[in-house]
Every structure is written in structure tokens, then in C-alpha cells.
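Please read the structure below before turning to the comments.
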Amino acid sequence: MPYMQSAILRANEVFARLDGFEPESLLEAIGEARGIRDGAESLGLLDVLEPNQADALRAFLDALPPGLDAAILAGLRSALERGVRTQFTWRPAYEFELRAWEVSEGSAGVLNMVISSPHPEEPTRQP
């Protein structure tokens, strides 16, 4: 899923960067987002994708089970509130699943989130 990898790489550039990491401004940008899709849209994370790929990713994010969606957003907010970076990974799986672990002390360290899901269809290429 090349479009998923592009989006994950962009998210990691934003939430796990070594230089210029500004958790307060990221929290402000996420604002009152009620789900990952809203947060991704407000941060411009889908802007790195072609329009058909962005639409496919929106559909994928909309398909996340509500509890999983809420857990991802809550974990991200918690990490940002404490100044901890977050790194995301996606892997194909039979079911939706979230694995998360954190290695941190104060604001040093990282929250790792691995999102597993059935492999969504690839969007058709635009000419």
C-alpha cells in the first residue's frame, strides 16, 4: 500500500521529528478533532498524497473501529501533552488491531503505535 506508507512517513515526520518538534502547536492544530481522520485533515497529513490516494486513505480511516480510533487519538494527545514523540507503523493483518508501547522519561522517549488492519484496495492510478 504505497499511499499508506507515504501517509505514515509524513505522520512520523510530524510527530517523531528530532529537530523542530513542537508538541504544543501540534495539540493546537489537532484541536477538538473527534477522530484520526479529522486530526490528519487539520494537520495536512493527506496533502502529500495524490487526490485518489487521499480519498482511499480517508475511506481507510473512516473504517477504523470507533474504539481503536479513539485509542489512537487519546494516545497521541497524551504523548503530545507530555512532550513525547509518537511513531506510527502500519501492517497488514486479518483484523483491526492496535499495539502500543512507550519508552520514555519525562519528555524524552517515544510512544510507538502499530496499527494493523485488513489490506484495503489500492486506488486506481490517475492518468
Scan region 11-27 and tell me whether some residue there is farther than 21 Å from Val103 by Cβ and either surrounded by 15 or more Cβ atoms within 10 Å (Cβ to Cβ) or charged (D, E, K, R) (or both).
yes
Can you pull out the residues in region 101-121 that are out of contact with any Asp or Glu (no Cβ under 9 Å at 6 or more places or on another chain) and either surrounded by fewer than 16 Cβ atoms within 10 Å (Cβ to Cβ) or among the basic types (Lys, Arg) (or both)?
Trp101, Glu102, Val103, Ser104, Glu105, Gly106, Ser107, Ala108, His119, Pro120, Glu121
By my count, strands (runs of 3 or more DSSP E) wholly in region 27-120 with at least 3 residues that are more than 16 Å from Ala7 (Cα to Cα) and without any contact (Cβ under 8 Å) to a residue 60 or more places away in the chain are 97-105, 108-117
For Leu80, state whether it is at negative phi, hydrophobic (A, V, I, L, M, F, W, C) and either in contact with a strand residue (DSSP E or B) (Cβ under 9 Å, 6 or more places away or on another chain) or exposed (fewer than 14 other Cβ atoms within 10 Å of the Cβ) (or both).
yes
Hey, among Glu102, Glu50, Glu41, Glu81, which residue is farther than 21 Å from Ala16 by Cα and of a type in the set (D, E, K, R)?
Glu50
Hey, any hits in region 53-75 for a residue that's touching a Gly at 6+ places or on another chain (Cβ under 9 Å), surrounded by 16 or more Cβ atoms within 10 Å (Cβ to Cβ), within 17 Å of Ala11 (Cα to Cα) and not hydrophobic (A, V, I, L, M, F, W, C)?
yes
Condition set among the acidic types (Asp, Glu) and not in a loop (DSSP other than H, G, I, E, B), scope region 1-26, selection farthest from Ser78 (Cα to Cα): answer is Glu13
Condition test on Leu76, is it within 13 Å of the chain's Cα centre (by Cα) and more than 24 Å from Glu22 (Cβ to Cβ)?
no
Checking the structure you have, find out if any residue of region 2-16 is under 21 Å from Pro65 (Cα atoms), touching a helix residue (DSSP H, G or I) at 6+ places or on another chain (Cβ under 8 Å) and among the aromatic types (Phe, Trp, Tyr).
yes
Can you name every residue in region 103-122 that is at pLDDT 90 or above and touching a Gly at 6+ places or on another chain (Cβ under 8 Å)?
Val103, Leu111, Met113
Considering only residues that are in contact with a Lys or Arg (Cβ under 9 Å, 6 or more places away or on another chain) and modelled with pLDDT of 95 or more, which ones fall in region 46-69?
Asp69
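The values are calculated or read from the model by the stated rules, or taken from the named source; none is laboratory data. Predicted, not measured: the structure shown is a model, and the values here were computed from it. Neighbour counts are summed over all protein chains in view; Cβ atoms, including those assigned to glycine, are modelled from backbone coordinates with ideal geometry.
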